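Here the structure is laid out as structure tokens; the discussion comes afterwards.
Rule-based calculations on the coordinates, nothing more; no lab input. Model, not experiment: these values are computed from the prediction. Note that we place each Cβ from the backbone using ideal geometry, even for glycine, and neighbour counts take in every protein chain shown.
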Amino acid sequence: MCGIVGGVVQNNLVAILMEGLGRLEYRGYDSAGLAVLNKQGIRCKRVLGKVKALRELLETEPVSGNTGIAHTRWATHGKPSTANAHPHICRNKVAVVHNGIIENHEQLRKQQLENGHQFLSQTDTEVIVHEIFDAMKTSGGLLSAVMQTVKKLEGTYALGVMSSDEPGSLVACRKDSPLVIGIGNEGYFIASDVAALLQVTQRFVFLEDGDVAAITKDKLVIYDVNEHEVVRTVKESLLTADFFDKSGYPHYMLKEIYEQPFAILRTLEDRFINNRLQDSAFGENAAAIFNYIKAVQILACGTSHHAGLVARHWFEKLARVPCDIEVASEFRYRNPVLAADTLIVVISQSGETADTLAALQEAKKLGAKYSLAICNVPESSLVREADLVLMTRAGPEIGVASTKAFTTQLTALMLLVIAVGKRFHLSEEKAHNLTAQLFNLPGNIKKILQLNNEIKALSEQFSQKQHALFLGRGSHYPIAMEGALKLKEISYIHAEAYPAGELKHGPLALIDADMPIVTIAPNNSLLEKLKSNMQEVSARGGQLIIFTDESLDTIADGNVQVVKIPQVDNDISPIVYTIPLQLLSYHVAVLKGTDVDQPRNLAKSVTVE
């Protein structure tokens, strides 16, 4: 969950490294550092805190070099500190940046201490640089030393390595952690995300697991896991550096909330002919696979898991297809039983979520024949691993708290429900209605965004609160879960979600005048039940905030406040009711003065277990 950028060029590389780190800061911001090679050897600068602090240090203590590596860290082993920041250096000869976790670092550390190495950090990464240093004594150079070292590493890694013995050279490799090679006019670059390099190139090579790349400014040679030289395809990215501007918004999160109508429209584009969803939208063999499957198993984490929970309701209600969902990090450790005719659906914004990748691999070991990935990042590991793919096309999402990625995932999942459901109990008429509702979504979301000022005023009630409760029923319970997650992620208010019918089974004990209770109350078959639950809250002095259908006559009164939501079809309404909860969380965080885009202790892409 860290950001790596590096390269070998003709001239000074520092400005490119710093620009890349700034674009990767969403992946980690506990500390930052860079190292460059010049005539004086390895010159390294590291700081505790964000990239801004590193930039300020370089203004007073500048360095330069045409070969370099840089890193922004999200702490796993060892607390955030300058000593634990990357790059790590051994005896001013070898420098390493690392993303991942080395599981056997304790054993390697013990051996290295016996060999006379001194450790300056608490990180698992430092064993890598010492191991490479020792390997260079007997190997044929840096490339050979890295190849020798990675054979001893257990766990996950993306590495950028350089040595003062070989100026003008860089070695990069990966296992279960993303790393790309950028091909620029002035040289070659490495990064954990193409976003870091869009200012210098749009041409990329995506390393595969086990690959090791030897890089100079004029040459790139890649070796596979068997150390055979291979050629990887060069891909042209459609992204540009403009995608990563805030476009006048104060925060990326707010920009991304307002991008949702366009993002959803992109998710729907080119996937219908004459208003009929095409199986080919999911992949070349999708029709045959959908004809075969009899059940669906969804695997995901965090926000993506909430999207899957909504989809379970859709699959079973609309398509009458058995559907189960599980947190990916739990699935692979409980010895699950899977029928061979189950479609495995994995959901991830980044496509690099370690637990979701591992769960997919476990499902395959258990005999699952077919899998489908719903993802936002082409060429990601999850996309390459799955049999079928539906890209969400949300565009880059920089804010750590997911917004447009979530709503485009829900949109993509409804497309899957339609595609699979027509083979079961979803009628042509219902499929047509759902399609119409999907294409109406962008307009309906624009209407909700017009409630921004009303929701901003409402957020003031949370500024001094420590706890909040979110309630929903049916397919809106996962939306309540997502609303609670957003509030806790960026405002640090403790927030929990419950199915409203569970109130009397325990959570009602928490209700008092200091507890805001956010309730999602669309006009559906569960509304009367939900009204009864809200009465239970109101009778105990709870502060009720109700998001409800504009067609209802719910009236604000005393400790009850009401936000009217434009009327939409009930099946599609979970997507619509997500938007006001995102706005509420955003405005609460702004009032509390927290870091909206980079909340404490969190990183965007969870590439470690």
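Descriptive notes on the structure:
- Spacing of the modelled spin labels on Lys446 and Glu106, each 7 Å from Cα toward Cβ, amounts to 5.9 nm.
- Here's how it looks for Gly184: its modeled amide H is under 5 Å from those of Phe189, which are all 5 or more places away or on a different chain.
- Per-residue extension of 0.36 nm, minus the Cα-Cα distance of Asn559 and Lys246, leaves a gain of 108.9 nm for this segment.
- Relative to the dominant Cα principal axis of the chain, helix 404-421 is inclined by about 70°.
- Here the peptides 295-304, 577-586, 264-273 are ranked by packing, the mean other Cβ count within 10 Å, and the order with the highest first is 577-586, 295-304, 264-273.
- Integer Hz, Karplus 6.51/-1.76/1.60 couplings in order for the range 450-455, x for Gly and Pro: 6, 7, 3, 5, 5, 6
- Positive dipole terminus of the range 3-241, leading residue within Val63, Leu143, Ile181 (C-beta point charges): Val63
- Potential lengthening between Phe262 and Lys39 on full extension [0.36 nm per residue; Cα-Cα distance subtracted]: 75.2 nm
- Cβ-Cβ FRET estimate between Ala340 and Glu429, R0 fixed at 22 Å, reported to 0.05: 0.10
- Remark: the range 3-10, residue by residue, has Karplus-estimated 3J(HN,Hα) of x, 10, 8, x, x, 10, 9, 6 Hz, where x stands for each Gly or Pro and the curve is 6.51 cos²θ - 1.76 cosθ + 1.60 at θ = phi - 60°.
- Placing +1 on the Cβ of every Lys and Arg and -1 on the Cβ of every Asp and Glu, with nothing else charged, gives the range 346-445 a dipole about its Cα centre of roughly 240 debye.
- In a reduced charge model with +1 at each Lys and Arg Cβ and -1 at each Asp and Glu Cβ, the range 298-358 shows a dipole moment near 180 debye about its Cα centre.
- Low-density loop positions, chymotrypsin sites (Phe, Trp or Tyr not before Pro), the range 307-395 - DSSP coil, at most 13 other Cβ in 10 Å: Tyr333
- Here the sum of -39500 (n - 2.57) over DSSP H runs of 4 or more residues, divided by the residues of the chain, equals -10000 deg cm²/dmol at 222 nm, to the nearest 500.
- Label-zone membership for the range 19-59, site Asn92, 7 angstrom Cα→C-beta point, backbone N under 17 Å: 35-46
- On Cα atoms only, tilt of 477-491 relative to the major axis of the chain in degrees: 50 degrees
- Considering only beta bridges that DSSP places wholly inside the chain, some 60 percent are antiparallel.
- Pair Asn274, Lys151: separation of 7 Å Cα→Cβ label points (nm): 6.1 nm
- Ranked by the mean number of other Cβ atoms within 10 Å per residue, highest first, peptides 50-60, 106-116 order as 50-60, 106-116.
- Compared with the alpha-carbon gap, the fully stretched path from Lys294 to Lys456 is longer by 53.8 nm at 0.36 nm per residue.
- For the range 249-445, the fraction of C-alpha pairs farther apart than 29 angstrom is 17 percent.
- Amide H contacts for Val296 (H built 1.01 Å from N in the peptide plane; partners 5 or more residues away or on another chain; cut-off under 5 Å): Cys323, Asp324, Leu343.
- Size of the chain as Cα extents on the principal axes (Å, biggest first): 77, 55, 43
- Computed about its Cα centre, the charge dipole of the chain is approximately 280 debye, with only Lys, Arg, Asp and Glu carrying charge at their Cβ.
- Ranked by how many other beta carbons lie within 10 Å on average, peptides 280-289, 391-400 from highest: 391-400, 280-289
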